[in-house]
Amino acid sequence: MSSFWMRCASVASAMIVGSSMAVAQTAPITLSVDLTDAPRKILHATEVMPVTAGPLTVVYPKWIPGEHGPTGPIENMAGLFIPGTGQPVKWERDKVDMFAYHVTVPQGVTKLEMKIDFLASAALSGFSAGGSTSENLALLSWNTLLVYPADTNASDVMFTPSITLPSGWKFGTALDKDGGSGQTTAFKTVSLEQLVDSPVLAGRYFREIPLAPEITPKHYLDMAADGPEEIELSKEHIAEFDRLVRETGALYKSRHYGAYHFLVTLSNEVAHFGLEHHQSSDDRVTATTFTDDREFVLDGLLLPHEFTHSWNGKYRRPAGLATSNYQKPMEGDLLWVYEGLTEYLGDVLAARCGIWTPEQYKQRLSTIAAEYDNRPGRTWRDIQDTATAAQILYAAGGGWDNWRLNVDYYDEGELIWLDVDTTIRKMTDGKRSLNDFVAKFHGLGGDTGPKVAPYTFEDVVGGLNGVVANDWAAFLRSRLNSNAYQAPLGGLENGGYKLTYSDKPNAWSAMADAQSGTFNFWYSLGLHAGKSGTVSDVLKGGVADKGGFGPGMKIVAVNGRAYSPDVLKAAVHDAKDSGPAVELIVENTGFYKVIRLDYHGGERYPQLERVSSVPDRLDDILKPEAK
Ligand SMILES: [Zn+2]
């Protein structure tokens with residue numbers, strides 16, 4: 001998963017190896033999904049399950065792969081009817097497990113028909129359970145519209161799916177077609193695991209572009225939008241995605257899918273995030289992301305990140321995340337590999353394929369380095385704990401984030417992997433790099449279909465030692481278990497740079513602030529403030545914290561003048577050195593007060609400064625590898 005947005009022991013794999021608890025299934029379950037009411041935010045399914053007479057428990061998927069938590073949207077499942085033959089079969093929910101339904105299959109019944117609706121009425125937040133439809137498009141996550149027999153392996157339960165679309169809609173998916181007529185399309189029988197892994201993007205304004213067509217397996221950019229103009233991206237951007245496909249070949253030297261589909265929803269009517277799959281990714285962005293230069297750059301990480309997950313997260317997966325079905329709890333302790341390494345490689349690929357210039361990559365890196373170099377929460381909670389606690393952190397938000405911490409294993413994980421990469425390059429005098437680790441670790445077994453090869457911490461350490469001998473276990477643990485206030489910035493130092501502060505924001509920061517409407521006083525006053533003066537967060541231990549600020553307060557006036565971001569910037573500027581303290585009138589839940597900030601350090605924004613005594617390894621890392 002990306003951007004706030006997406007495990008343990010044996011080498012047995014969910015997709016590779018079945019477990020003994022599975023009961024051999026005689027015939028596939030058929031699942032017919034009707035999306036014709038998707039614009040009205042209600043989806044319908046008819047499921048026909050082969051059964052034998054007697055007690056049966058069916059379950060609704062709870063732990064959704066890539067979401068790292070029990071996020072199956074059971075609250076929006078509705079209309080569960082089991083018509084039966086002659087008279088309806090009554091179901092009863094388990095009193096403890098809200099995702100389990102008990103039924104008694106009548107004598108003589110060999111197929112149980114079930115009707116299931118899904119209410120696509122969720123808010124535009126969250127992940128795949130969030131808003132997924134509009135008047136003109138729908139993203140179908142099959143797990144929202146099915147149940148499966150309890151205590152079975154997702155790789156053993158077979159489904160024959162089909163969809164019916166509104167008139168005039170087209171679709172993209174990693175599933176293989178198997179006939180159909182009119183607006184209905186049948187797909188080939190797949191395992192439940194592959195079905196849940198293969199969402200369908202459908203819409204009235206739909207476009208499919210083959211990418212890097214000389215490469216097999218094939219790659220497609222599938223787009224659906226609310227208007228025809230939003231899928232008209234430039235030839236230059238298409239060429240960048242072509243190069244992304246080529247660069248992954250040069251990096252991973254293997255592919256683990258039959259074909260790959262980027263399923264990109266360009267709409268302001270859906271939740272925005274990315275969710276990875278083996279053979280596709282569910283990438284949801286604003287309507288103008290592919291046609292607005294600023295948005296394209298700021299969201300440039302999304303496709304490289306989700307695509308990288310096909311190798312790192314889907315094929316190679318922490319053993320604790322490689323569960324055999326969707327009811328078993330996941331263990332997130334290795335998410336600093338699953339997400340942290342993906343964040344690192346995704347960013348590097350975005351630069352190698354030209355979505356970002358090397359300068360944009362470095363500017364973005366400076367913002368990450370600075371944020372995590374000022375992280376008071378790390379003094380009570382190490383980054384390892386943020387991974388272990390992932391399942392309760394994705395929904396966390398609001399103020400004092402820097403004290404609670406959040407899914408820090410993404411961006412701080414990126415800093416750690418940059419440290420690993422530059423350390424390998426330094427130790428081997430540039431002869432080896434993290435590319436060598438990736439080619440072996442993620443290329444295990446060469447080209448394969450979509451399957452899972454689980455790993456442990458020891459496997460990661462062993463893989464790194466295969467590139468260059470080092471005490472990698474201690475290297476990683478010292479960073480993962482650190483309670484330092486400052487970030488691990490060895491990757492910058494070995495890369496030939498250092499984090500410094502300037503009185504002007506770099507171009508990346510300026511773009512990000514303009515996009516979000518939030519202004520960065522984090523490294524000066526220790527707060528973020530919006531256009532209207534609302535303080536979205538306060539740095540614990542910073543100047544504003546000590547002055548009495550809290551998140552949610554609103555700055556009304558600065559030195560007697562009505563607040564605007566520029567007025568506050570000017571006041572910080574004027575206070576520098578021996579200037580006057582900044583005096584603010586602040587509103588908090590209907591009450592007003594004056595807060596005086598005796599700060600004289602001037603404006604401070606992060607940047608990377610070149611250290612000429614160290615080779616520019618960062619530049620080497622960002623060079624394209626594909627021929
Ligand atoms: Zn991710």
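Before moving on, here are some points about what is shown:
- Value of [θ]222 nm, deg cm²/dmol, for the chain, DSSP H segments ≥ 4, -39500 (n - 2.57) each, nearest 500: -7000 deg cm²/dmol
- Look at the alpha carbon pairs under 8 Å that are at least 6 residues apart: their mean separation over the length of segment 235-287 gives a relative contact order of 31 percent.
- Stokes-Einstein diffusion coefficient of segment 137-206, Kirkwood radius over Cα pairs, 20 °C, 1.002 mPa s, in µm²/s: 168 µm²/s
- Each peptide among 176-182, 39-45, 28-34, 572-578 gets the average number of other Cβ atoms lying within 10 Å of its residues, and from highest to lowest they stand as 28-34, 39-45, 572-578, 176-182.
- A P(r) calculated from all alpha carbon pairs of segment 378-449, with 5 Å bins opening at zero, reads 3, 14, 16, 16, 12, 14, 13, 7, 4, 0 percent.
- With one equal scatterer per alpha carbon and no solvent term, the Debye-computed log10 I(q)/I(0) for segment 29-95 at 0.25 1/Å reads -1.39.
- Distance histogram in 10 Å bins (all Cα pairs of the chain, percent per bin): 3, 16, 25, 25, 18, 10, 3, 1, 0
- Qualifying lysines (Cα of each under 22 Å from Cα of Lys554; at least 8 residues distant if same chain): Lys531, Lys540, Lys546, Lys569, Lys593
- The Cα trace of segment 398-510 gives Rg and Dmax of 16.9, 52 Å, the first to one decimal, the second as a whole number.
- Altogether, the Stokes-Einstein calculation at 4 °C and 1.567 mPa s, with the Kirkwood radius of segment 242-302 over Cα pairs as Rh, returns a diffusion coefficient of 101 µm²/s.
- Remark on segment 303-344: ratio of C-alpha radius of gyration to 2.2 N^0.38 Å is 1.15.
- Close lysine pairs were tallied over segment 356-464: pairs 8 or more places apart or on different chains with Cα atoms under 24 Å apart number 5.
- Placed amide H near Leu80: partners under 5 Å, 5+ positions off or other chain: Asp117
- Percentage relative contact order, segment 321-450, counting C-alpha pairs under 8 Å, at least six apart: 30 percent
- For the chain, share of DSSP beta bridges that run antiparallel, in % to the nearest 5: 80 percent
- Just the protein heavy atoms count here, and of the accessible area of the chain at 1.4 Å, carbon and sulfur take up 52 percent.
- The listed residues Asp619, Asp222 rank as Asp619, Asp222 when sorted by accessible area, largest first, using a 1.4 Å probe.
- Surface per residue (accessible, 1.4 Å probe) for the chain, Å²: 38 Å²
- Order of exposure, largest accessible area first, which applies to Lys170, Lys440 with probe 1.4 Å: Lys440, Lys170
- Over the C-alpha atoms of segment 459-611, the Rg to Rh ratio, Rh being the Kirkwood estimate, stands at 1.11.
- Amide H contacts under 5 Å for Ser280, placed H, 5+ residues apart: His261
- Residues whose placed amide H lies under 5 Å from that of Ala557, excluding near-sequence neighbours: Tyr563, Ile585
The values are calculated or read from the model by the stated rules, or taken from the named source; none is laboratory data. From a predicted model like this one, the values you see are computed outputs, not experimental measurements. We place every Cβ from the backbone using ideal geometry, glycine too, and count neighbours over all the protein chains shown. Remember, those area values only see protein heavy atoms, side chains included, never the ligands or the DNA or RNA. Shrake-Rupley method; radii C 1.70, N 1.55, O 1.52, S 1.80 Å.
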